[in-house]
Amino acid sequence: MPHPPAATPNNLTNTTGADTAVSFWQLSPWVILFYITAAIIAIVGLLKLLPIFIGKMEELYINKHRKDIFVYVQNNPGCTVREVSRDRKINLGTVKYHIWKLEEDGKIVQRKIGKFLRIYRPNDRNDREIEILAHIKNKARLPFLTMIKDNPGITNQEMTVRLNLRKSTVNWHVSALLWDKIIRFERDGKFIRYYMNADAEEVLAKVIHELSTNL
């Protein structure tokens, strides 16, 4: 019985029906063009969306700072730009920019009180309260206010001793408080006694209450 011919490379055929591997560049030119065009369109689309995505991220970052600054001003009326920068640990230039934007949007106002530009919400305080708050915010002057409030009728000499300050320093701060009508004086023989004016005492009591509430 004759044997079938031996298999050789020339007569081997694929009879399994399985597909043979085809590289990308062996595809039809139209198919290749379609895939390349689709890839280019996808890349261009992503490049167009990238600035929008970056812008949104920057906007979120900016809004976080701006909201933080606004809340600080809301809780600390009469604060300065440097105080915001120090307490919120935000770069001074960044704070100035956001303060400018908030003022431009009508959310805050800045007023020159003494030598400082102080920040408030619109209609947050009347002019008299702002004037009183400027003295309260002055860390060097606040001890005089609290001492006169707690010791009505105190004299210059008594403040000099209790605060352990020079007489000229006491006179300087007392004169500033008298000038803005934060305190008043009454003569008692050879003594001059100092008292808080009612409106200033009311604002000071309110500030002390707010501070104790926030602790």
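Values in this text are rule-based calculations from the coordinates and carry no lab data. Since the model is a prediction, treat every value here as computed from it, not as a measurement. Cβ atoms come from the backbone with ideal geometry, glycine included; neighbour counts cover every protein chain shown.
Can you tell me the relative contact order of the stretch 104-215? Whole percent, Cα pairs under 8 Å, sequence separation 6 or more.
Worked out over the stretch 104-215, it gives 22 percent.
Eigenvalues of the Cα gyration tensor times 5, then square-rooted: what semi-axes does that give for the stretch 125-206, in whole angstrom, largest first? Kindly include the intermediate steps, with their values, before the conclusion.
Numbers: eigenvalues 85, 38, 23 Å².
Square roots of five times the eigenvalues give 21, 14, 11 Å.
Can you give the FRET efficiency for H65 and R111, using 1/(1 + (r/R0)^6), R0 = 30 Å, r = Cβ-Cβ distance, to the nearest 0.05?
0.85
Give me I130, I208 ranked fewest to most by other Cβ atoms within 10 Å of their Cβ, as a rough exposure proxy.
On the way: I130 18, I208 13.
Taking fewest neighbouring Cβ atoms as first place, the list is I208, I130.
Mind listing which GluC sites (Glu not before Pro) in the stretch 128-215 are in a DSSP loop and have 10 or fewer other Cβ atoms within 10 Å?
Details: sites: E129, E131, E158, E186, E201, E202, E210; in loops: none.
When the GluC sites (Glu not before Pro) of the stretch 128-215 are filtered for loop state and at most 10 Cβ neighbours within 10 Å, nothing remains.
For I32, I154, what's the fewest-to-most ordering of other Cβ within 10 Å of each Cβ? Numbers along the way, then the final one.
Values: I32 13, I154 18.
Listed from fewest to most nearby Cβ atoms, that is I32, I154.
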